[in-house]
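Quick one: this structure, given as structure tokens, is what I'll be asking you about.
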Amino acid sequence: MANTIRIKKRAGTGSAGAPTTLAPSELAFNENSSDRKLYYGLGDDGDGTSSSVIAIGGDGAFTTLDTAQTISGNKTFTGTVDLSGATLSGNTTFSNNLTVSGDLVVDGTTTTVNSTTVTVDDKNLELGSVASPDDTTADGGGITLKGATDKTFNWVNSTDSWTASEHIDLASGKEFKINGTSVLSGSTLGSGVTGSSLTSVGTLTSGTWSATAIAVAKGGTGATSASAARTNLGAQASAADLTTLSSCQTGGAAALAALTSTEIAILDGATVTTAELNLLDGGTSATSTTLAAADRMVINDAGTMVQVALSDLVTFLENGTASSFELDGGTF
């Protein structure tokens, strides 16, 4: 006679879950679609019942080869797990290190890295690598460092430039270069800078002016020679005149310096010669001259120096009342 093994069951219309009790080594299968587990009575309490009921089979308790399943609880795998062709859906967390020996492709819209240090062996990072990159797709691309305000270094298409939101502070001894040529260091404009739109500079202590003459209105002379400079500045003295002035005695120089603007204006309008000044200054040289009535002599007229015709002097002398002189040559 064949042996028959019978297993308890709960119909599919029954509730999910393990039987309350089983006899020692007794088996029971729950056909409920949300359960579908084979249970076993483990141990012996000595009263005809097992110590516990455990699941030992069924696609509700163990993985199958070709059906969809939801697996929960902690699982530990050793060796190699081949997931080729598999797709991980939903949120997945790896609590330990993850090493990808092949390529890693991320197709999402946001990639978040919460590590404190990111190390990349590749020395060239590509940004904006879309299917058809151009300056429009690159616009606004770059690096953003989060802070109280964003610190950015971005490409701006409208200005065709890399644009920084913050200061650029080079280390000591470093400089800005264009095409290998220094244009600016911490203290010097590069020798290749030959044009500028500077509107003001500090104190110039050395150098050679090689540009056009600076106009008088801009503080220059507007000339390229000393004589032209004197003309432009209104200084008409000749080199000989300047030499004469430089040889003045101390008293003479002081006297010139003491002249008032009115006195200088009087001298500026004078047409007197050196010989005439010497006569006024007490010169003793004399010239034989035939006097005429129209000749002049200098008279101090109540403080004003004037020229008087000799005929006026004769009239004065002949007027005894006015001159207190009595000139009478008599008659014949």
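Every number in this text was worked out from the coordinates using simple rules, so none of it is lab data. Remember, it's a predicted structure, so these values are computed and weren't measured experimentally. When we count neighbours, we look across all protein chains shown, and the Cβ atoms used for this are built from the backbone with ideal geometry, even at glycine.
Hey, which lysines would be in cross-link range of LYS9, C-alpha to C-alpha under 21 Å, not counting anything within fewer than 8 residues on its own chain?
Of all the lysines, those that pass the test against LYS9 - Cα under 21 Å, at least 8 places apart if same chain - are LYS37.
To continue, here is another question. Which one of ALA229, ASN97, GLY14 has its Cα pushed farthest toward the positive end of the charge dipole of the chain, where Lys and Arg give +1 and Asp and Glu give -1 at the Cβ?
So the residue we want is GLY14.
For the range 144-186, what D do you get in µm² per second when you plug the Kirkwood radius from alpha-carbon pairs into Stokes-Einstein at 20 °C and 1.002 mPa s?
Rounded, D is 171 µm²/s.
Among all the aspartates and glutamates, which ones have a C-alpha under 15 Å from LYS218's C-alpha, if same-chain residues fewer than 8 places away are not counted?
Answer for LYS218, where 15 Å is the Cα cut-off: none of the aspartates and glutamates qualify.
Then there's this: If you plug each phi of the range 173-184 into the Karplus form 6.51 cos²θ - 1.76 cosθ + 1.60 with θ = phi - 60°, what whole-Hz ³J(HN,Hα) values come out, in order, with x for Gly and Pro?
Calculated HN-Hα couplings, in order: x, 8, 8, 8, 10, 10, 6, x, 9, 5, 10, 7 Hz.
Could you name the lysines whose alpha carbon sits less than 18 Å from that of LYS75, not counting residues in the same chain fewer than 8 places away?
List returned: none.
What net charge do the residues around PHE29 carry, taking every other residue with its C-beta under 13 Å from that of PHE29, with Lys and Arg at +1 and Asp and Glu at -1?
Around PHE29, the surrounding residues sum to +2.
Highest mean first, how do 185-191, 298-304 rank when packing is the count of other Cβ atoms within 10 Å averaged over residues?
Working: 185-191: 11.3, 298-304: 8.6.
Sorting 185-191, 298-304 by mean packing, highest first, produces 185-191, 298-304.
Please list, in chain and number order, the residues 5+ apart from ASN157 or on another chain whose amide H is under 5 Å from its amide H, with Hs placed from the backbone.
For ASN157, whose amide H was placed from the backbone, the distant partners under 5 Å are GLY140.
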